[in-house]
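Comments concern the structure below.
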Amino acid sequence: MNWIIDLGANTLFKVIGIGRAFLMLTGALIAFPQWKNVSLTIKQIYVVGVQSLLIIMVSGLFIGMVMALQGYTILVGYGAEGSLGPMVSLSLLRELGPVVTALLFAGRAGSALTAEIGLMKATEQLSSLEMMAVDPLRRIVAPRIWAGVIAMPMLALIFSAIGILGGHLVGVEWLGVDSGSYWSIMQATVEWDKDVVNGIIKSIVFAIVVTWIAIFKGYDAVPTSEGISLATTQTVVLSSLAVLGLDFVLTALMFGIN
Amino acid sequence: MNDNLVEIQNITFSRSERLIYDDISISIPKGKITAIMGPSGIGKTTMLRLIGGQLKPDKGDITFAGKSIPSMNRSTLYQTRKAMSMLFQSGALFTDMSVFDNVAFALREHTQLSESVIETLVLLKLEAVGLRGAAQLLPSELSGGMARRAALARAIALDPELIMYDEPFAGQDPISMGVLVKLIRALSEALSVTSIVVTHDVNEVLDIADYVYILANQKVIGHGTAQEIKQSESPLVQQFLLGQADGPVPFHYPAPSMQAQLLGEDK
Amino acid sequence: MTTRKTELMVGLFVILTIAAGLLLAFKVVNQGFSDSESTYTLYAKFDNIGGLQTRSAVKVGGVTVGRVESIYLDPEDFNPIVVISLSDKYNNFPDTSSASILTSGLLGEQYIGFQPGFAFDDFVVLADGDYIQDTKSALVLEDLIGQFLFSRDSE
C-alpha cells in the first residue's frame, strides 16, 4: 500500500511543481513589455550570450573539423569525398548546431542562472525586491528568459558557421578536397527554409526550455548551500534530457513526416 | 480610525502542519517603536512577512492603515508595499550593484525623478547612516555592520510610513549595535515613522521600544511598555528576560521520554 | 562605464551573428531556386519514377528551374504522376517539351531532365495545370539487364 501512497504524493508534488513553473513563465513573459527592461535584457544577453561565445566558437570549430576528418575517411572509400560539404553543413545546421549549443548553454549559462537566482533567494534579495514593491518576475526573471531566447539562436548560427569553416579547413586545406566542389555541392543541397530556418526554430525551442528550467530551478531551490548545488545539478541534467528528447520530436515533425 | 497603523487581529498561522501562531492579536501604534520579542524559532520573521503580505494567515485579519492586507489583490498590495519597508536580517543588498545604486534602486523604480535629484537624495540617506564615503563600494566590500546600515539607508529611501526591522542586532559587535540602536531611535524621532523591531536582544530593545510584545508557545505571553514588562510577574516573561535555560519554555524539543526511546518502547 | 562596455560587446555579438547568417545565406545555401519565387504547376505521368523524390530538382540543360512538388499514383491506370512546380521566370516552354528521369553521376540523386520542344510558329505554351505528354521513365538496372538478356536470346 505504502508505495502507492508514495507514488500519489510524488505525482501530486511534481504536478504542482510543473504548475508553479508555468505560472512563473507566463508571469514573466506577460511582464515583458516595459521599456526599462530592455537595458536589463541587454545586460543579460551579455551575460548568457557574449560570455558563452568563446566556448561555442571553439566547440563549433573542433566539431566541424572532426566531422570533416571522419566524413572524409568514410566518403573517400566510395569516391564521394565531394559530398563532404553537404555532410558537414547539413549535420551542423540541422542537428549539431542547435543541440550542442543548447547543451553547452545549459552547462555554461543555465547552471550559472540557477545558482545566481538560488543565491538571490537564499540571501533574501528576492524577498527584499518584493517588499520594495518590485516584482521579481518582472525585474529578475523576464529579462533572463528573453535574453536566453534571443542569445541561443544567435550562438547556434555562429556555431554552425564556424563548424562549416572548420570542415573547410580540414577537408579542403589539409585533405585536399576540391574547394569548388566543397562549396558548390553544399549549395546544391542545403536549403534556407528547410535546413537553416528549421535549425533556428529548434534553437528557439531549446532556448525557451533551457532558460525556463534553469530559472525555475533557481527560483524554486531550497535556499541552502545544499539546495542550490542540487538545483544546479538538476538544471544541467534536466535541460540536457529535455533538449535531446525535444530534438527527436522536432526532427520527426520537421524532416520525418512529409 | 484609531492611532494604530498596523492591526493584527486574531490570526492563526501554520506552516507545513506546524502551528506557529494560535489566535494572536497585536497593535502597532503610529509613530512609535514597537518591539516583538521571543525566543528563536518562534516565527518572529514570519510575523513581518505576514504584515508585508508575502504570507497569508490561515485565519484572522491584518490591516495596514485600515486596509486589510490578506484580501488585497496583487497590484494594490504592491502599491501598499511602497509605504512600508523592511530591513532584512542579512541586509539583502543587491550584490551586483554598488551601495549607491542599491539605495537609488527604489527611487529609480518607483519615481520619475531626475538622476541629479536621485543623487542628492541618496547621498542624504547615506549621510544619515554615516556611509556617504562608502557610496561606490560593492556590498561584498562592507563589514556586517556597515552592510546593515547600507540596507537601512535603502529601506528609508522612499520615506516609508512603516519600517520593519528583522533582527537588526543579531551578530553585531557592541559598537555597531550601539550605532544601530541610535539610528533606529533617531529615525523614529526625526521622521516620525512607525517602527517594528523583531529581536531577541532584550537589553537593547527595552531601551528604545515604546511598547513591547513577547511571543512564546504560539501566543502573546506578555505586552506593555518597557517598564511594565520588566516588572511583569509572569514566569514566562521573566524566563525570557533573564535568559534562564529551562522554565515554562522548555529546554527540550518535544520528544518521547528518554527511557522510552532508549529501551525502544515507542515502537 | 560598465553598461557602455556591455552594450558594445552585445553589439559585436549581433554583428558576429549577422556575419554567420550571411555566410550561410551566400556561401552555403542553395541559390538557384527558392520557394519564395512564384511558380506554376505542371503534371507528368511516368511508367516508373525510380528513385525520384519530392523536392528533387527539375533541370533544363543543367540549370535548376523547378522542383518536384509531390508524387502520387493515378488511381485508374496505376501509373505514377509527378507534380512539378516551375519558376515563373521560365513560363514559355512549348507543349512539345519532354521530361525524363535522369541520374546525376553514377550514384547520385535522380532528377527530372526537362527538354524544351521545338517552337513552331503556332506552338502552344505549357500553362499552369497542363500535362507533359512526352515522358521517359527512369532506367531501372534490373529492367536493363533483363532487356539485354532478352534481346540477346532472340538473336
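Nothing in this text is a laboratory measurement; each read-out follows from the coordinates by a stated rule. Remember, predicted model here, so these are calculated numbers, not experimental data. All Cβ positions, even for glycine, are placed from backbone atoms using ideal geometry, and neighbour counts span all protein chains on display.
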Worksheet item: What order do you get for A:Ile215, C:Ile145 when you list them from fewest to most C-beta neighbours inside 10 Å?
Response: C:Ile145, A:Ile215
Response to the item:
Which of B:Lys67/B:Lys182; B:Lys59/B:Lys182; B:Lys56/B:Lys230; B:Lys56/B:Lys82 exceed 28 Å between C-alpha atoms? The answer is B:Lys67/B:Lys182; B:Lys59/B:Lys182; B:Lys56/B:Lys230
Worksheet item: What average number of partner chain Cβ atoms lie no more than 10 Å from the Cβ of the residues making up B:101-112?
Response: 2
Worksheet item: By its C-alpha gyration tensor, with a ≥ b ≥ c as the square roots of the eigenvalues, how is segment A:101-144 shaped: rounded for a/c under 1.5, else prolate for a/b larger than b/c, else oblate?
Response: oblate
Worksheet item: Which loop-located GluC sites (Glu not before Pro) does segment B:176-267 contain, where loop means any DSSP state but H, G, I, E or B and the Cβ has at most 10 other Cβ atoms within 10 Å?
Response: B:Glu233, B:Glu265
Worksheet entry | Rg and Dmax of segment A:23-96, Cα atoms only, in Å | 20.2, 59
Item to complete: Summarise the partner chain shielding of C:20-26 as one whole number: the mean count of Cβ atoms from other chains within 10 Å of each residue's Cβ.
Response: 6
Discussion item. Under 8 Å for C-alpha pairs, at least 6 residues apart: give me the relative contact order for segment A:1-152, rounded to a whole percent.
Written reply: 46
Response to the item:
Those chymotrypsin sites (Phe, Trp or Tyr not before Pro) from segment B:5-93 that are DSSP loop and have at most 13 other Cβ neighbours within 10 Å turn out to be none
Response to the item:
Of the residues A:Pro98, A:Leu113, A:Gly60, the Cα lying farthest along the dipole of segment A:1-114 towards its positive end, which is defined by charges on the beta carbon of Lys, Arg, Asp and Glu, belongs to A:Leu113
Discussion item. For the protein assembly as shown, what are Rg and Dmax over the alpha carbons, in angstrom?
Written reply: 36.6, 132
Item to complete: Would you work out the relative contact order for chain C, in percent, from Cα pairs under 8 angstrom that are 6 or more residues apart?
Response: 24
Worksheet item: What is chain C by shape, rounded, prolate or oblate, if you read a ≥ b ≥ c off the alpha carbon gyration tensor as root eigenvalues and call it rounded for a/c under 1.5, prolate for a/b larger than b/c, and oblate otherwise?
Response: prolate
Discussion item. Cut-off is 10 Å between beta-carbons; in what order do B:Lys82, B:Lys67, B:Lys44 appear when sorted fewest neighbours first?
Written reply: B:Lys67, B:Lys82, B:Lys44
Worksheet item: Which of the lysines could a cross-linker bridge to A:Lys202, judged by Cα under 16 Å and excluding same-chain residues fewer than eight apart?
Response: A:Lys194
Item to complete: Quick one: order B:Lys59, C:Lys27, A:Lys217 by neighbouring beta-carbon count within 10 Å, fewest to most.
Response: B:Lys59, C:Lys27, A:Lys217
Worksheet item: How many angstrom separate the Cα center of segment B:198-221 from the Cα center of segment B:24-52?
Response: 9
Worksheet entry | DSSP bridge pairs, segment B:112-256: antiparallel proportion in percent, nearest 5 | 50
Worksheet item: In chain B, what % of DSSP beta bridges are antiparallel (nearest 5)?
Response: 55
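Using DSSP to define loop residues, name the chymotrypsin sites (Phe, Trp or Tyr not before Pro) in segment A:1-77 whose beta-carbon has at most 12 other beta-carbon atoms within 10 Å.
For chymotrypsin sites (Phe, Trp or Tyr not before Pro) across segment A:1-77 that sit outside H, G, I, E and B with at most 12 neighbouring Cβ atoms in 10 Å, the list reads A:Trp35.
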Worksheet entry | Relative contact order (%) - criterion: Cα under 8 Å, at least six apart; region: segment B:92-235 | 19
Fill in: Quotient of Cα Rg and 2.2 N^0.38 Å for chain B, N being how many residues it contains
1.10
Practice prompt. Note the per residue figure in Å³ for the convex hull of the C-alpha positions in chain A.
Written response: 172
Practice prompt. Against the globular-protein guess of 2.2 N^0.38 Å, express the Cα radius of gyration of segment A:119-258 as a ratio, rounded to two decimals.
Written response: 1.44
Discussion item. Quick check on packing: order C:117-130, C:48-61, B:98-111 by the mean number of other C-beta atoms within 10 Å, highest mean leading.
Written reply: B:98-111, C:48-61, C:117-130
